[in-house]
Structures are given as C-alpha cells and as structure tokens.
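Worksheet: the structure to be examined is printed underneath.
The values are calculated or read from the model by the stated rules, or taken from the named source; none is laboratory data. Keep in mind it's a predicted model, so treat the numbers as computed, not measured. Cβ atoms come from the backbone with ideal geometry, glycine included; neighbour counts cover every protein chain shown.
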Amino acid sequence: MQDQVQNTFCDDLKQKTKTNHEESDRIVNWKLAVALTDMTLYGGVLADFYYVFKTIEDCLGQLVQHPVICPLAKVIVDLHRAEAFEKDLSFFLGPNWMGRVEPSLPAKEYCDRILAISENSPVLLIAYVHSMYLAILGGGKALKKVIQKTLGLVGNEGLAAYEVSDSEETCLRLGNELIDCINHLPLNAEEKERILDEKRRVFVMNNAIANNVKPTAKSFFRIIKIGLVILTAFSIIGAAIYAYNLCDLSLEKNHG
C-alpha cells in the first residue's frame, strides 16, 4: 500500500478556501460583466486593482532581506504587474489618469491593509501573492479574450495586465516556481493558519471592490442585449479553475 501523499501548504490554501473562492467568483463575474459594458467604468475597476498590485509589489520590494519571505520577494519580481496596468490605464482613461484617478474607498482600505501587514506581519503577504498572481498566471489569457471581445478591442492595447507571457509553458513554469517557493518557505503552523485567514480576507476585499461597481442605464441595457453576464461568468470560472490546477500540476511534478 502506497503512503498517502501529504498536502502541501498551497494545497491547503486552495482547498480550505474553496467556498470563499466560489462565492467570490460569483460576485466578481457579475460585476465584471457590468464594468465591461463601458470602457470608463471598466477603467475605474482596473485602476482599483492597479493600486492593489502596486502596493503588494512595493511592499515586497522592501522585504528582500526579510528572513522568511525574502525568496518570495525575489521570485515575484518576474511577475510584477503594476507597469502593465499603467499602460492599460493610459489606454482606457487617458495619459494623465494617474493625476486624477484615486482608488475607491474599498481599494484604499485594501491597500491600507497590505501596508499594515507589511509593517507588522509580512508573512501574511503570502496570501495576497497566492491569490492575485496565480489568478493572473492561470486565468489571464482567458480573461484577456473576454475583455477583448466584449469591448471590441483590436490588437493587444489595453490588455497588458493579463499577459505575463505569450507562452502557456512559460506561464505554467512561473506558476510552478511561485508555488514551489511558497511551499518551501519556513513557516510554522500558527503562521500558516494566519495566512489562511488572510487569504479569506483577500476574497472579501476583492468582493468589496467588485460590489462598488454600479451599473449605469447604458450598461444595464447593454447587459440585457448581449447576455454578457453568462459569457463572462463561464469564461472566468474556467480560468480560475485552471489557475488553481497549477497547484496540482506542481504536486505531480514534485512527486512524479
């Protein structure tokens, strides 16, 4: 009889937050469908998540000497998204967007939370990296296609945030490297439980940004006309499932 393979920490992060993840998918899919009815409305949502990613990356950049998460701070450099978000925001909101677009209240509270834990409990940043960057790596290409088709975009302008690499193999490799890095960080049991709790909080804060999106009369009628909710929901759910399957692929590679 073969010994049972023990779950990795990333397995636990996936499995023990599954319900939170599914609930968040429903909320975010619906609200993204609303946002995608108008370029300016979508640009506002994109700006909120830009501030989130920028704050994560800035905080990790200051922790390259941290005794526990320094490997993660170094690995994440190859996955930085802030500059790509800036390009997309210039496309949707104009070249001077940074001087006039502030984060919404939910996004500001999100960023304030990241700043606080970076100062007081940096290991909790693992929850943010695991949630946000694996989602981009696993589901970015599918999400890019939804946005491109729905907004009628030609070429890749406005889509840089979701394109880590043209190669699916490269995205898979980067995802596995990130998972492997997290799994090998020297975390104790208490820290792992706190990271799990923080990951649940990440979903709540993502939901808060999504729920802040309010449809206009124009967007409401467009949703009805093109059935965008159904298209977006199924596409992004599939992308999210693929992102989480990266954990399983990593396990197979390590134990194959």
Considering only segment 37-49, state which residues are outside any helix (DSSP H, G or I) and not β-branched (Val, Ile, Thr).
-> ASP38
Of the residues in segment 2-48, those that are basic (Lys, Arg) and either over 27 Å from LEU185 (Cα atoms) or free of Cβ contacts under 8 Å to residues at least 24 places away in the same chain (or both) come to LYS18, ARG26, LYS31
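Being of a type outside the set (S, T, N, Q) and under 15 Å from GLY158 (Cβ atoms) is true for just one of ALA84, ALA107, ALA116. Which residue is that?
Only one candidate passes the filter, namely ALA84.
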Of all the residues that make up segment 87-133, how many are without any contact (Cβ under 8 Å) to a residue 60 or more places away in the chain, in contact with a helix residue (DSSP H, G or I) (Cβ under 6 Å, 6 or more places away or on another chain) and not in a helix (DSSP H, G or I)?
-> 2
The residue from VAL34, VAL52 that alone is closer than 19 Å to LYS199 by Cβ and in a helix (DSSP H, G or I) is VAL52
Check whether at least one residue in segment 156-166 is of a type in the set (S, T, N, Q), out of contact with any Pro (no Cβ under 9 Å at 6 or more places or on another chain) and buried (at least 17 other Cβ atoms within 10 Å of the Cβ), and report yes or no.
-> no
Consider VAL146 carefully, then state whether it is in a helix (DSSP H, G or I) and buried (at least 20 other Cβ atoms within 10 Å of the Cβ).
-> yes
Do you know which of the residues in segment 1-26 that are modelled with pLDDT under 90 and among the aliphatic types (A, V, I, L, M) is farthest from GLU177 (Cα to Cα)?
-> MET1
Over segment 62-82, the set of residues free of Cβ contacts under 8 Å to residues at least 40 places away in the same chain, in a helix (DSSP H, G or I) and surrounded by fewer than 13 Cβ atoms within 10 Å (Cβ to Cβ) is VAL77
Failed condition for PHE49, given (1) touching a helix residue (DSSP H, G or I) at 6+ places or on another chain (Cβ under 6 Å); (2) modelled with pLDDT of 95 or more; (3) closer than 30 Å to GLY152 by Cα; (4) of a type in the set (A, V, I, L, M, F, W, C) = (1)
Can you tell me which residues in segment 131-143 are at pLDDT 90 or above and not hydroxyl-bearing (Ser, Thr, Tyr)?
-> MET132, LEU134, ALA135, ILE136, LEU137
Counted residues, segment 23-53 - those being more than 13 Å from SER104 (Cα to Cα) and among the hydrophobic types (A, V, I, L, M, F, W, C) | 10
Does LYS141 meet the test of being in a helix (DSSP H, G or I), of a type in the set (Lys, Arg) and more than 22 Å from ARG200 (Cα to Cα)?
-> yes
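Applying the selection to segment 134-169, what residues are of a type in the set (A, V, I, L, M, F, W, C) and under 18 Å from the mean Cα position of the chain (by Cα)?
If the condition is that a residue be of a type in the set (A, V, I, L, M, F, W, C) and under 18 Å from the mean Cα position of the chain (by Cα), then LEU134, ALA135, ILE136, LEU137, ALA142, LEU143, VAL146, ILE147, LEU159, ALA160, ALA161, VAL164 are the ones that fit.
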Within segment 14-45, considering residues that are of a type in the set (A, V, I, L, M) and surrounded by fewer than 21 Cβ atoms within 10 Å (Cβ to Cβ), the one farthest from ARG200 (Cα to Cα) = MET39
Output for segment 86-104, where each listed residue is closer than 19 Å to ASN207 by Cα, within 19 Å of the chain's Cα centre (by Cα) and not hydroxyl-bearing (Ser, Thr, Tyr) | PRO103
